[in-house]
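Single-structure report; data block below.
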Amino acid sequence: MEQTSLSLLDAVGQNAPDAWRRLDCVYRPFLTRWFRSRGVRAPDAADLTQDVLIVLMNDISDFQHSGRTGAFRAWLRNVCLNRLLNYLRAQRVRGTAVGGTEFNARIGLIEDFGASADCFDRQHDEAVLTRLLDELAEEFAPNTMLAFRRLALEAAPASAVAAELKLSVGAVYIAKSRVLRRLREMAAGYIDGALLN
């Protein structure tokens, strides 16, 4: 993987090599799961995901990041909600199985979700973080990643991690610092920085 300080969004906007593949690997599974969690059938969820990715591809060069954490995530959330509402309206017009009280219940879920974006934001950040950690596993030695995961993600005591991995406590903290620094570079601008403290 190319070592770069560009965030993924910047890399995509500049057509950096491999950026679209990385973006697809990060976002396609998350978007598909999100649509499925809203009651969309699997084939339709795949289509809606593709629609969102096409919007992203067409509009990413025009996207102006406000500098606020989560600006991209909020934009993406709006695109997803619009696609979902259009999908549900189209199903209702076509007379598919969704209708009546079931349709109203599904619209209610969307309205509830629209009022509180925390669920989308949390799922987004978790999906992106998981994918970035998978990419980092290719950059760092297995022991370095394990030390990071145990210390930073599982909140294990540094002394316990050091004993488990047969490292010094200092080496455990250095591993955490190296992975965290690289993770912050990769996540810049599209996941909440508070997750990376």
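The values are calculated or read from the model by the stated rules, or taken from the named source; none is laboratory data. Nothing here was measured: the structure is a model prediction, and the numbers come from that model. With ideal geometry, Cβ positions are generated from the backbone for all residues, glycine too; neighbour counts draw on all protein chains shown.
If GLU138 satisfies every condition in (1) surrounded by 15 or more Cβ atoms within 10 Å (Cβ to Cβ); (2) modelled with pLDDT of 90 or more but one, which is the exception?
Only one criterion is unmet by GLU138, namely (1).
Kindly establish whether ALA175 is touching a helix residue (DSSP H, G or I) at 6+ places or on another chain (Cβ under 8 Å), at pLDDT 95 or above and farther than 25 Å from VAL26 by Cβ.
Values: touching a helix residue (DSSP H, G or I) at 6+ places or on another chain (Cβ under 8 Å): yes; at pLDDT 95 or above: yes; farther than 25 Å from VAL26 by Cβ: no.
No.
Residues in region 56-69: is at least one under 13 Å from the mean Cα position of the chain (by Cα), closer than 20 Å to VAL128 by Cα and either of a type outside the set (Gly, Ala, Ser) or in a helix (DSSP H, G or I) (or both)?
No - not one qualifying residue is present in region 56-69.
Under 6 Å between Cβ atoms, which residue pairs at least 6 apart in sequence (or on different chains) link something in region 34-47 that is under 13 Å from LEU88 (Cα atoms) with a partner that is part of a helix (DSSP H, G or I) and among the β-branched types (Val, Ile, Thr)?
Sorted first by the residue in region 34-47, then by its partner, the pairs are ALA45/THR32.
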